[in-house]
1. Which order do Asp229, Asp195 fall in if you start with the one that has the fewest other Cβ atoms within 10 Å?
2. Can you give the convex hull volume per residue for the Cα atoms of region 48-133, as a whole number of Å³?
3. Hey, if you put +1 on the Cβ of every Lys and Arg and -1 on every Asp and Glu Cβ in the chain, which of Ser135, Leu287, Ala12 ends up farthest toward the positive end of that dipole?
4. For a footprinting-style exposure proxy, rank Thr282, Thr309, Thr204 by other Cβ within 10 Å, fewest first.
5. Rounded to the nearest 0.05, what FRET efficiency do Leu311 and Phe231 give with R0 = 30 Å and r taken as the Cβ-Cβ distance? Could you check?
6. Can you tell me how much longer the chain between Ser45 and Phe20 gets when fully stretched, taken as 0.36 nm per residue apart minus their C-alpha distance, in nm with one decimal?
7. Which of Ile213, Phe58, Phe149 sits farthest toward the positive end of the charge dipole of the chain, with +1 on the Cβ of Lys and Arg and -1 on the Cβ of Asp and Glu?
8. Quick test of the membrane-span-like rule: which DSSP H helices of the chain reach at least 18 Å along their long axis (C-alpha atoms) with mean Kyte hydropathy at least -0.5?
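Any read-out appearing in this document is the output of simple, stated calculations on the displayed coordinates, not a laboratory observation. A quick note: this is a predicted structure, and the numbers were derived from the prediction, not measured. Cβ atoms come from the backbone with ideal geometry, glycine included; neighbour counts cover every protein chain shown.
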Amino acid sequence: MKNKPTKIDGQATIKIFLTFFIFYILVCMIINPAKYISKSLEGISAWAFNVLPSVLPFMFFTRVLSSLDTLSKITKPLSFSTTKIFKTPPVSAYIFLMAILSGYPVGTKLVSDQFLQGKITKEDAFKMTSFCSTSGPMFIIGAVGVGMFKNVKIGYILFFSHILGAIINGIFFRGFRLKNNEKIDFGSKNYTKTDISDIVLDSTLSILCVGTIITIFFLIIETLLPIFDVFPKPISALLQGLVEITKGSKSLSVLGAKKLSTVLCSFVVSFGGISTLIQSITMLSKLHMPVMLFAVQKMMHGLFSCIITFLLLLIFKL
């Protein structure tokens, strides 16, 4: 009797690929340790001087606000706009505003907090992530527009396209439905603690997770550069952006074709790169949000944003 050939499923294939890829990264680090130590320090520096001072305070204070029972009253006047436009609770307007002001991954962190406190359902949370996962003006206008493209108008176009793209994305996913639309049961779990030490610990651990992911992806993108460089420069820069948002945006900004690089950068900023996706998924871990669903939401956000950017570039003739 002949043995049937072993069938390798998709999950096993991914595990095998990841195993070889991790060995590849380790070999690169062993061959040139000084180079990768330098890249690690570059990633830590990017986190410490750009992300930490701007995101940590927002994580702390928004966590305090989320622990209070006043948000529902404050956001009640916004119920018409959120329920009619996005079909989500009024608190989503507050989270959207905080996400815009602070940037990745504060929006997803706030969505997760609201779910864990039993104030929104899982279906609400999944719909809210479609428009509450955004970058902020400090990064888009300041770092990308002024710092990388040396053009503040491009920064404003990217920011406006990013926000409008998020709103359109929220409308696109407003009809999303879950069969099991569960809500946290406070009889078995208690996420409503307002003790200041819990809030400090939660904020610190969250920002440390973000720093770890940023540093790791600075290393990953360095190992992938020889592969990316095989492609034409615009494709290489886009691939870098699909992995890590800051590196990709910087590479796109130095391309000769300003319109093409701006449109591609708009997609990269709104998609966020795999690094930002993992940061957000980490924040949403207790929500058990499917990675593929969130990835599709971010891809759609990127698509809407780059279309708007293209139209604005035509209108303003940049």
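1. Fewest-to-most Cβ neighbours within 10 Å comes out as Asp195, Asp229.
2. Given the Cα convex hull of region 48-133, per-residue volume reads 80 Å³.
3. Ala12
4. Lowest to highest Cβ neighbour count: Thr204, Thr282, Thr309.
5. So the FRET efficiency works out to roughly 0.65.
6. Extra length available between Ser45 and Phe20 comes to 6.1 nm.
7. Highest projection toward the positive end goes to Phe149.
8. Helices meeting the criterion: 10-31, 33-46, 52-67, 152-172, 196-228, 258-271, 291-316.
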